Structure formats: structure tokens, C-alpha cells
1. If you take the residues of region 94-113 that are away from the ligand (no atom under 12 Å from the Cβ) and part of a helix (DSSP H, G or I), which of them is surrounded by the fewest Cβ atoms within 10 Å (Cβ to Cβ)?
2. Among the residues of region 26-40, are any over 22 Å from residue 344 (Cα atoms), in contact with a helix residue (DSSP H, G or I) (Cβ under 8 Å, 6 or more places away or on another chain) and either surrounded by 24 or more Cβ atoms within 10 Å (Cβ to Cβ) or in contact (Cβ under 8 Å) with a residue 12 or more places away in the chain (or both)?
3. Quick check on residue 205: is it assigned to a loop (DSSP other than H, G, I, E, B), at pLDDT 95 or above and surrounded by 23 or more Cβ atoms within 10 Å (Cβ to Cβ)?
4. Would you check if residue 269 is out of contact with any helix residue (DSSP H, G or I) (no Cβ under 6 Å at 6 or more places or on another chain) and either part of a helix (DSSP H, G or I) or more than 20 Å from residue 219 (Cβ to Cβ) (or both)?
5. Of the residues that make up region 140-153, is at least one assigned to a helix (DSSP H, G or I) and either at pLDDT 95 or above or farther than 30 Å from residue 350 by Cα (or both)?
6. Does residue 51 fit the bill of being out of contact with any helix residue (DSSP H, G or I) (no Cβ under 8 Å at 6 or more places or on another chain), modelled with pLDDT of 95 or more and buried (at least 24 other Cβ atoms within 10 Å of the Cβ)?
7. Looking only at residues that are under 19 Å from the mean Cα position of the chain (by Cα) and over 12 Å from residue 309 (Cα atoms) in region 157-180, which one is surrounded by the fewest Cβ atoms within 10 Å (Cβ to Cβ)?
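The values are calculated or read from the model by the stated rules, or taken from the named source; none is laboratory data. What you see is a predicted model, and the numbers here were worked out from it, not measured in a lab. Cβ placement follows ideal geometry from the backbone for every residue including glycine, while neighbour counts extend to all protein chains displayed.
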Ligand SMILES: [Fe+2]
């Protein structure tokens, strides 16, 4: 299934083209099977990221020549701007970044004669039909932003000085917004009916405000986790050059999420708490603590360190697939979609760094 899709159509033609022309861009030599699998999984993750960031950009970003499609929803955009007046610009730039990530990764794979990631067969989800959406993409989405269950425990994980998921795999970090982790919520107006009442629309914008850093903290862990198993120095360079941009996104969104207005959605009871007041507040929740609190790293016998966490490499790709699936991001996709993602993840997780230590 995976091979059939990954090598379908244009990709095959391009791969053949590059296979005959290895020296043209200075790329000598082939990738190891493991390196190709690491990059291919990253490319698939970036395609998925791009798909939902494009949806955010159509409705709440800046629609221009760089990231085109959609005409925006003024009321939704205004609600997002309650979190930061620059929110539309940040959505636009994050979207642009993700598109370049998968485009580069796939082009690099093909330049080495390796198959790119291709999820086009699964562009079939409805998405928003609200006025402002890119109508030509209705029914052609890969990801679903309308039934999200958002795990906001990264908020307290990055504020903890005592626990690191790599050292404390069973530890449960508290949720910043417990309600978002116990139900299904939309992060974009599904139809024009979602534009009111005001606290419903603001809750949708707040959901987006927490969904964005939840995704980007995942990318912040994925790249350093995979990099530990790269064989070629150039593949390592790619992974450790893209990874920190995910972290730049994460910290930006983490800061914005802290500005989400406390409220209750009158249509479903979803509560966004005041994170600076009791029972929240303090080092675990305070909103301006956006830099990683130093925590135990590798061993409790060593001093605490300000780090990305987790970065355990074993099984990371499958972990990402499970995390995104549990989030509801693929709600509506057929079993073949999940099989393909699991295949890509299993291949990436089988990659081993080759050669001398
Ligand atoms: Fe990315």
C-alpha cells in the first residue's frame, strides 16, 4: 500500500529524472534505507502540518501570493487577535514554513533517487464550509480541525523542574485547559453558524490558540529524537536545521496561548481558565513562563538542564502518529490512511545510525 502510493505518478517520473542526474546538484551517493525513512516520515508529517495550517491561513491568516487561498473570516480573525494582534501574520508565516519543509524534504529525497512522501490519495475530508474558506478545497482536506481533543499537558511539562517524560514515563503532567482534553472541539468556524454567540467564537479561537503550540511542541521533540538515528551528516544537518524552527513556532504559540481570554463557551460548556489565578497560577501555570524550566536530563545524578523534552528516540515516529490520531486530527480518514502512516512510522523507527560511534 505504502510503496504503491509513495511511488505513484509524478513522484516516480521525478525520481527517475533525478536518478540519472546525481551530480547536477552536488549530491553524490544514495541515502541509507534508514535515512530515507527518517526524512520520508518527516516529509509526511510536514504535509499533514501544511494541510491544517493552510486551513488556518484561509480563515484567520494573511491570504497573499506567498500563502494563497481563502479570503478570511473577519470575526474569527478578530477573535484570534485577542491573543495577539500579529496572530494572522504568525499563522501565515508558520504555514509558509511548513510548506517549505515538506517541499524541501521531498525534493531532497528525490535528488537522492529515493521515493518522496505522498498523501494525495487521502485528500478527501470536508473541512470548513464557512464563507471565506477556499471553496476549491472543500472535500479535499487531509486533516480535520473540527473535532479536536487537545492535550495541553505540554504547558506544565515545560514548566516542571522536577519531571521529564524521558525519565518519568508514567508521570501525568496536569492539563492547562482540562476541558480541551475531554471532548471534541472545533478550532475553526465549521459553518457561518459558528460565528456566534461571541464567547462561542472566542472559544473556537482559543482552541486554535492551544492547538497550535500543541502541534509545534510535538515537532520540537520529533526532530531531535529522529536526528539521533541519522547516518549521513547531511541528513543529520537537515533534521537539526528544521527542528529548531518548529521550536521557534512552539515558543511563539506558547506565548500567545497564555493570552487566551478566560471564558466559558455557552454552547458546550468548554472552560478556558485564568491560568494566572488559583487553583492555577504559580510556576506550573503562570502565563509568562514561556522558556523551558530546567529539568532532569539523562540522569538525576546530573544537574538540571533547560532542554527540549521528550527526546527519547525509540518509537518516536509511531508515538507521533498515535498522538495526532488521538488528537482527532485525522477523524474521517479511512483505515488505509492509518496503515500508510503506521508503515512510514515503522520504517522511520527501524532506522539505526550506521558506522563507528
Ligand atoms: Fe515543519
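1. 107
2. Yes, region 26-40 contains at least one residue that is over 22 Å from residue 344 (Cα atoms), in contact with a helix residue (DSSP H, G or I) (Cβ under 8 Å, 6 or more places away or on another chain) and either surrounded by 24 or more Cβ atoms within 10 Å (Cβ to Cβ) or in contact (Cβ under 8 Å) with a residue 12 or more places away in the chain (or both).
3. no
4. Taking the combined requirement at face value, the residue satisfies it.
5. no
6. yes
7. By that ranking, first place goes to 175.
The rows are residues; the columns are (1) more than 14 Å from the ligand (Cβ to nearest atom); (2) under 28 Å from residue 87 (Cα atoms).
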| site | (1), (2) |
| --- | --- |
| 195 | yes, yes |
| 203 | yes, yes |
| 206 | yes, yes |
| 212 | no, yes |
| 233 | yes, no |
| 241 | no, yes |
